[in-house]
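Report on the following structure.
The values are calculated or read from the model by the stated rules, or taken from the named source; none is laboratory data. Please read these numbers as outputs of a predicted model, since none were measured by experiment. Because the Cβ atoms are built from the backbone with ideal geometry, glycine has one as well, and the counts that use them run over all protein chains shown.
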Amino acid sequence: MSLFNKKKSQYVGKKSIIIYFSRADENYAVGYITKGNTEVVAEYIRDLTSADMFKVERKIPYAKDYNTCIREAQEEQQKNERPELVATLDNIDDYEVVYVGAPVYWGYVPQPMVTQLEKLNFEGKIVRPFTTHEGSGLGSIPSQLKTLCKGATIESGLAIRGADAHSSKNRVEDWV
Ligand SMILES: Cc1cc2nc3c(=O)[nH]c(=O)nc-3n(C[C@H](O)[C@H](O)[C@H](O)COP(=O)(O)O)c2cc1C
């Protein structure tokens with residue numbers, strides 16, 4: 001085998017889905033964007049794995065302006081709310097591997113992800129977390145997912161700086 005061949009991923013061939021949240025509009029370090037950083041990474045993962053995708057969307061979107069969004073999301077997190085979603089994924093029965101992607105919001109997943117993940121049965125699933133962030137890495141998300149995805153094996157995650165999302169394809173590929 002050539003030295004340049006990439007090792008075949010143990011996840012290839014397993015039916016997979018990417019469940020993610022991502023917010024466009026004004027964001028830290030990148031100004032106004034039309035596609036969220038986490039969505040950029042989620043699409044790289046999809047391109048590499050052919051996984052299905054489900055985007056978690058808050059029924060009432062966070063404000064477009066960054067500082068207002070910060071306040072809304074912080075309050076929601078402090079009150080441990082479960083915001084309503086545009087649509088809910090009912091089950092993940094068809095999948096072995098679940099990629100769970102989110103921006104880090106004060107160390108944790110945004111509350112709309114909590115609304116969604118709590119509705120699913122993760123027994124026996126492989127969960128691969130990924131985040132985009134501006135300094136916190138994966139934050140407390142891996143341990144949070146142990147609670148939210150009961151019965152799943154939580155694999156080591158991938159953390160990409162939001163401002164680097166568009167140039168992250170090689171890192172994403174190595175991780176996938
Ligand atoms: C409400 C809010 C809270 C955030 N909290 C953190 C944080 O705790 N740590 C961090 O590194 N970045 C934090 N960020 C930055 C985002 O994680 C980062 O910009 C991310 O790439 C946004 O992803 P998105 O474009 O997919 O929504 C926060 C951003 C917002 C809007």
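Here the stretch 24-44 is the region considered, the condition is being near the ligand (Cβ under 6 Å from one of its atoms) and touching a helix residue (DSSP H, G or I) at 6+ places or on another chain (Cβ under 7 Å), and the residue that is farthest from residue 71 (Cα to Cα) is 37.
Tell me which residues, restricted to the stretch 48-64, are surrounded by 12 or more Cβ atoms within 10 Å (Cβ to Cβ) and either in a loop (DSSP other than H, G, I, E, B) or out of contact with any Asp or Glu (no Cβ under 9 Å at 6 or more places or on another chain) (or both). The answer is 49, 51, 54, 56, 57, 61, 62, 63, 64.
Residues in the stretch 71-94 that are part of a helix (DSSP H, G or I) and within 19 Å of the chain's Cα centre (by Cα) were compared, and the one that is surrounded by the fewest Cβ atoms within 10 Å (Cβ to Cβ) is 74.
Considering the stretch 117-163, and only residues there that are of a type in the set (A, V, I, L, M, F, W, C), within 15 Å of the chain's Cα centre (by Cα) and within 15 Å of the ligand (Cβ to nearest atom), the residue that is surrounded by the most Cβ atoms within 10 Å (Cβ to Cβ) turns out to be 141. Is it the case, given these coordinates, that residue 2 is farther than 24 Å from residue 123 by Cβ, of a type in the set (Gly, Ala, Ser), at pLDDT 95 or above and in a loop (DSSP other than H, G, I, E, B)? No, not satisfied.
Looking at the stretch 12-23 only, could you name the residues that are in contact with a helix residue (DSSP H, G or I) (Cβ under 9 Å, 6 or more places away or on another chain) and surrounded by 17 or more Cβ atoms within 10 Å (Cβ to Cβ)? Within the stretch 12-23, 16, 18, 19, 20, 21, 22, 23 qualify. Residues that are surrounded by fewer than 18 Cβ atoms within 10 Å (Cβ to Cβ), out of contact with any Leu (no Cβ under 6 Å at 6 or more places or on another chain) and not in a loop (DSSP other than H, G, I, E, B): does the stretch 95-102 have at least one? There is no residue in the stretch 95-102 that is surrounded by fewer than 18 Cβ atoms within 10 Å (Cβ to Cβ), out of contact with any Leu (no Cβ under 6 Å at 6 or more places or on another chain) and not in a loop (DSSP other than H, G, I, E, B).
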